[in-house]
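Only one structure is covered here, and it is reproduced in the block below.
The values are calculated or read from the model by the stated rules, or taken from the named source; none is laboratory data. Every value quoted in this text rests on a predicted model; they were computed, and no experiment measured them. Because the Cβ atoms are built from the backbone with ideal geometry, glycine has one as well, and the counts that use them run over all protein chains shown. The protein model used for the area step is the full one, side chains on, heavy atoms only, and it has no ligands, DNA or RNA in it. Shrake-Rupley method; radii C 1.70, N 1.55, O 1.52, S 1.80 Å.
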Amino acid sequence: MTTLNVRDAAGRVAGPTAAADSASTGPVLTAIARTVVALGRALLIAVPVLLVSTFITFMLGGLTEQDPASLVLGDSATPADVARMREVFGLDKPLLLRYLLWLWSALHGDLGSSWFSKIPVAQSIAERLPVSLSVAVGALLIAVVLGCVFGILAAVRQGGWLDRTVTVVTSVLATVPGFIAAIALITVFSLLVPVLPSGGWVPPSAGLWKWASFLLLPSVSLSLDAAADVARQLRTGMADTLHENYIVGAQVRGLPGWRIVLVHALRNGAGPAVAVLGMHVPRLIGGAVIVETVFALPGIGDLTKTAALGGDVPVVQGALLVTIGVVLISSALVNVLLVKLRPAARREI
Amino acid sequence: MSVSPDSATAVRAAADAAGESGRETLLSVRGLRVSVADGSEVVHGVDLDIPRGSAVGLVGESGSGKTLTCRAVLGLLPVGVEVTGGEISLRGTELTALPAAKRARLRGTDLAAVFQDPASYLNPSITVGAQLAEVLRVKIGLARRAARYRAVELLHAMGLRRPTHVYSQYPFELSGGMLQRVLIAMSITAEPELLIADEATTALDVTVQAEVLELLTELRRDRGLTLMIVSHDLAVISQMCDTVHVFRDGSIVEAGPTRRVLRVPRHPYTRELIENHERFGIDRVRKQRSQQ
């Protein structure tokens, strides 16, 4: 049994010093290893998901009765012209072969060209992705900030007026469709109090403030249900966590209240909220069609909608590929974040 | 439950004994009353005097009010439970009147506590070393690197082998005995004067329990730590404490020097406790064997 004499502590200086150094590298290494494992697992899932989902969309494109060749050529085209056009588009080949050919060129970065406008798909995506991404990232930030602030406050003030207000407001927001929120926001901030533009888009090069002013309303209307869901999940998760013994343990150690809430409770209570946020990311990017329509934004959602209505299969395929890619990246990030938040949870996997 | 005149004199006797030994009173609890949300009182006027450097035992069955008394002293009563009367003073400072933030600052630096089931009192998602270093940074103001170094040193001083390895472990990777040592390290790191050990060794197996009790005894001897030991186990109390307070139904029924209370119990409940211990304790079997 060791004692706590000064002499003892001094005599052992050599031991703990060397030990303290390895303590700094040890946990770092295991943390990196854990992250790599989580990322690897996410990628292993991503590859088959990517293959299956692109194949399904390709099949759906092939199964529709639309004949793009005759659509492109119009009513006055002769059957010979249509046949020649089908050959150009590769529609005379079997569906599976067409998919493999598409996949092969997609892997080489060639997503083909629009059947109608002849613009390369990669080019239209590159033009529109920044618009969608900036709206989505803006919405994500707003959802995280609002969700965290109100979720944490409601959990800390359980049963108080703030908690009840947050519960009511989030329940309402979670059921309001994005386009209703968009129209309401336009009515208030563009018509009644005309401070923000009701739609359209300028690139950041036109001035950051101007760019942000065009982004704000679409981002807010897109973020509301995500913010409400994050707030609700965070409130529930944190409310449970705040009753745990280790919160009492942290209080006994005399740690300040904000540190207990933001370090000890948040870390263990944030899991469900992070998972829900991860599920919202696809909706922020792929599901922005309605918001992009309402605000007349030239984004991926708008591109997909126009292409899908016209039967422009290469464009739809390319847009879907990008959307799926973004979704997979975000879910991989969420998985890594969850592992980092609660390392003990790896026992449950 | 009314306090019999017999126990009242015993309480006074304990206070006198402390006065005679010439040690100043570190913690004084006077007429402490604790009630739950529906208005029913669960602790009915408890008096306690804990002289500096002493070890005071609180014994009694579960639900007798020992733990609530400790939590009231710490200022950490569960939600809906509150102090409805009495005074708690630490070195003459009245604690019940202090605002929550000031009481939080006292915890760790003036009084500390360890509990039963140590694993549940540590954050499951943070390594034990990081949690210990956090206390060192927040309560003592050490820098990151210094806190890590000091934390490893403290783990070593608590008798943990391979302290650097322990530093980077998560709570679920350590045994109960190791975790209790980690918690003791955390609680004494800001050099509090009073350590409350609420059933701190109850869930541990006997050899580990002995080691942890030994560690507490050493801390008392080497650092002058005052101990308040809560247990339902008379063996622990008799081994560790100078004076003992017997709790029943939210009141102290008997108090006095441990030897006196265990040898000549005055209150019927104390007698019952000791008899049960004799009847079911290991000593009885051992005595029988030696008689054969």
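Please list the non-local residues whose amide H lies under 5 Å from the amide H of A:Ala296, H modeled 1.01 Å from N, same-chain partners needing a gap of 5 or more.
A:Gly200
At a Förster radius of 25 Å, what calculated FRET efficiency corresponds to the Cβ-Cβ distance of B:Glu41 and B:Ser89, to the nearest 0.05?
0.70
Taking all pairs of different Cα atoms in segment B:36-150, averaging 1/r and flipping that mean, what Kirkwood radius in angstroms comes out? Can you show the working numbers first?
Details: mean 1/r = 0.0601 Å⁻¹.
Its Kirkwood hydrodynamic radius stands at 16.6 Å.
Could you please state how large a percent of the accessible area of segment B:108-156 is carbon and sulfur, counting protein chains only and using a 1.4 Å probe?
Roughly 51 percent of what the probe reaches on segment B:108-156 is carbon or sulfur.
Rounded to the nearest whole Å², what accessible area per residue is found for segment A:252-340 with the 1.4 Å probe?
36 Å²
Chain pair B, A: how much accessible area is buried, both chains summed, with a 1.4 Å probe, in Å² to 100?
Adding both sides of the contact gives about 3600 Å².
For segment B:95-192, how big is the tail of P(r) above 16 Å, as a whole percent of Cα pairs?
Numbers: 2572 of 4753 pairs.
It works out to 54 percent of all Cα pairs.
For B:Lys66, give me every one of the lysines with a C-alpha distance below 26 angstrom, ignoring sequence neighbours fewer than eight places off in its own chain.
Cα-Cα hits under 26 Å: B:Lys102.
No solvent, one uniform scatterer per C-alpha: report log10 I(q)/I(0) for segment A:197-338 via the Debye equation at q = 0.22 1/Å, two decimals.
Log-scaled intensity ratios, in q order: -1.25.
Relative to the first principal axis of the alpha-carbon coordinates of chain A, what is the inclination of helix A:313-341, with its axis defined by its Cα atoms, in degrees from 0 to 90 and to the nearest 10?
Taking the Cα atoms of chain A, the angle to A:313-341 is about 0 degrees.
Top to bottom by accessible area (1.4 Å), largest first, where do A:Trp209, A:Trp104 land?
Largest accessible area first, the residues go A:Trp209, A:Trp104.
Run the Debye formula on the Cα coordinates of chain B, all scatterers equal and no solvent, and tell me log10 I(q)/I(0) at q = 0.08, 0.09, 0.13, 0.14 1/Å.
-0.36, -0.45, -0.93, -1.06
I'd like the residues of segment B:90-109 whose 1.4 Å-probe accessible area shrinks by no less than 30 Å² going from the isolated chain to the full set of protein chains.
Residues meeting the cut-off: B:Arg107.
With the other protein chains left in place, how much accessible area per residue, in square angstrom, belongs to segment B:76-209 at a 1.4 angstrom probe?
39 Å²
Among B:Val81, B:Val166, B:Ala119, flag the residue with its Cα farthest along the positive direction of the charge dipole of segment B:33-192, charges on Cβ as +1 for Lys/Arg and -1 for Asp/Glu.
Selected residue: B:Val166.
I need the phi-derived Karplus couplings for segment B:92-97: 6.51 cos²θ - 1.76 cosθ + 1.60, θ = phi - 60°, integer Hz, Gly and Pro marked x.
x, 8, 6, 7, 5, 8
So, in nm, how far is label A:Thr293 from label B:Arg259 when the simple model puts each one 7 Å beyond its Cα toward the Cβ?
Result: 9.1 nm between the two label points.
In whole Å, what is the distance between the alpha-carbon centres of segment B:194-246 and segment A:228-260?
Taking the Cα centre of each part, segment B:194-246 and segment A:228-260 sit 30 Å apart.
Looking at chain A, how many pairs of lysines come closer than 30 Å at the Cα, when each pair is eight or more places apart or spans two chains? Show your work: numbers first, answer last.
On the way: A:Lys93/A:Lys118; A:Lys93/A:Lys305; A:Lys118/A:Lys305; A:Lys210/A:Lys305.
Going through chain A pair by pair, I get 4.
Pop out the carbon and sulfur fraction of the accessible area of segment B:175-276 as a percent, whole number, probe 1.4 Å.
That share works out to 51 percent.
For B:Phe172 and A:Met59, what is the calculated FRET efficiency with R₀ set at 56 Å and r taken between the beta-carbons, to the nearest 0.05?
0.75
Using a 1.4 angstrom probe on heavy atoms only, work out the carbon and sulfur share of the accessible area of chain A in %.
C and S fraction of accessible area: 72 percent.
State, in angstrom, two size descriptors of the protein assembly as shown derived from its alpha carbons: Rg to one decimal place and Dmax to the nearest whole number.
For the protein assembly as shown, the Cα-based Rg and Dmax read 34.3, 119 Å.
Report the full-extension gain for the segment A:Arg164 to A:Ser190: residue separation times 0.36 nm, less the Cα-Cα distance, to one decimal in nm.
Going from the current span to full extension adds 6.3 nm.
If the viscosity is 0.692 mPa s and the temperature 37 °C, what Stokes-Einstein diffusion coefficient in µm²/s follows for segment A:278-347 when Rh is the Kirkwood radius over Cα pairs?
Diffusion coefficient, whole number: 243 µm²/s.
Cα atoms only, segment A:104-196: Rg and Dmax in Å?
20.7, 60
Would you kindly calculate the mean projected area, averaged across all directions, of the convex hull enclosing the Cα atoms of segment B:187-247, in square nanometres?
That works out to 4.2 nm², a quarter of the Cα hull's surface.
What's log10 of I(q)/I(0) for chain A at q = 0.06, 0.07, 0.10, 0.15 Å⁻¹, Debye sum over Cα points only, no solvent?
With no solvent term, the Cα-only Debye profile gives -0.34, -0.45, -0.80, -1.29.
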